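Notes follow the structure.
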């Protein structure tokens, strides 16, 4: 799988490339740097989207 830049990842997520980079810096989205550029695998972006759709995990507080 060929990695994509922050701009393309941002388009998939509907957010800015700066926000994508912030998510990567906080390790919420897997990403890596090549020099000054951030790169992302589309499969990781899709996984992030799926996790966001599911929402937070529910806990049973009985």
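Each reported figure results from applying straightforward, stated rules to the coordinates on display, with no laboratory input. Just so it is clear, the structure is predicted and the values come from calculations on it, not from any experiment. Note that each Cβ is placed from the backbone with ideal geometry, even for glycine, and that neighbours are counted across all protein chains shown.
If only residues of region 2-12 that are touching a residue at least 12 places away in the same chain (Cβ under 8 Å) and buried (at least 17 other Cβ atoms within 10 Å of the Cβ) are counted, the one that is nearest to the chain's Cα centre (by Cα) is 9.
Of all residues in region 18-32, those satisfying the criterion of being on the phi < 0 side of the Ramachandran plot and surrounded by fewer than 16 Cβ atoms within 10 Å (Cβ to Cβ) are 18, 19, 22, 25, 26, 28, 30, 32.
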